[in-house]
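Have a look at the structure below, then the notes.
Every number in this text was worked out from the coordinates using simple rules, so none of it is lab data. Just so you know, these numbers come straight off a predicted model, no measurement behind them. Neighbour counts run over all protein chains shown; Cβ positions are idealised from the backbone, glycine included.
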Amino acid sequence: MDGSLASLVGAVVVLMTVVLVVVVRARRRAATRPTDTPPTRRLAPGDRVRIRHQEYVVSGTIRLVEGDWTWVQHLLDDASGTPHRLSVEGDGGPELELVLWTAEPGATVTPGAPEIDLGGRRYTWAETGQARYTAIGETGLPAAGTMRYHDYESGGRARLSFEAYGEEGWRVARGDLLDPADLAIRPADDAR
């Protein structure tokens, strides 16, 4: 009888330990999983965005899908007339990547090399791919299509991007990695 009781107590301890490990792991996963879409993913044409000390109006949004990966590019207008865009990759948390891009329409470089020099900075190849997109607002693009890209990085925060929508030529833009604290969003229906 003593051996049976010890076996029963041992089995209960093992069972409780397993249950505790399962509960702790489930709580950790829930704590690291984003609970909501970041506001930067929900921007829409007409919304206003302040990035650092500059105010922009969202003129259009391009949603991109490559396999299981999705990201968003918001086209931004400001008083300068220079094309800008805000790219939003990731669903929140530490993997969220925000980049403010500024068009370089006069750039004569083309993608494909392992390293590219532009504006006194050397950029190293990071990734290449092709995605499907849908566009809303004033984007200058058909409502849907494909986009090819080559992305480069420099110094941790600097970016260089080449994008070609459909059969058009390469659009070149330099980017700056942002911190979410760099942005303030004001939806269009809040504008006064």
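Checking the a/c ratio against 1.5 first, then a/b against b/c, what shape does the Cα gyration tensor give for region 58-192? Don't jump to the answer; show the numbers that get you there.
Values: a/c = 1.40, a/b = 1.26, b/c = 1.11.
Rounded, since a/c falls under 1.5.
Could you grab the relative contact order for region 38-80? Cα pairs under 8 Å, six or more apart, rounded to a whole percent.
Working: 63 pairs, mean separation 13.9, N = 43.
The normalised contact order for region 38-80 reaches 32 percent.
Over region 47-192, what relative contact order in percent results from Cα pairs under 8 Å that are six or more residues apart?
Normalised by residue count, the contact order of region 47-192 is 24 percent.
Let's test the formula: R0 of 22 Å, r as the Cβ-Cβ distance of residue 122 and residue 77. What FRET efficiency results, to the nearest 0.05?
Numbers: r = 31 Å, r/R0 = 1.40.
Plugging the Cβ-Cβ distance into 1/(1 + (r/R0)^6) gives 0.10.
Could you give the length gained by full extension between residue 97 and residue 176, i.e. 0.36 nm per residue of separation minus their alpha carbon distance, to one decimal place? Before the final figure, lay out each step's value.
Numbers: separation 79, 0.36 × 79 = 28.44 nm, distance 1.06 nm.
Length gained between residue 97 and residue 176: 27.4 nm.
On a full-extension model of 0.36 nm per residue, what is the gain between residue 138 and residue 69, subtracting their alpha-carbon distance, rounded to one decimal in nm?
Values: separation 69, 0.36 × 69 = 24.84 nm, distance 2.41 nm.
Net length gain for the segment: 22.4 nm.
Can you give me the long-range amide H partners of residue 123? Hydrogens built in the peptide plane at 1.01 Å from N, cutoff under 5 Å, separation of 5 or more residues or another chain.
Long-range HN contacts for residue 123: 116, 117, 118.
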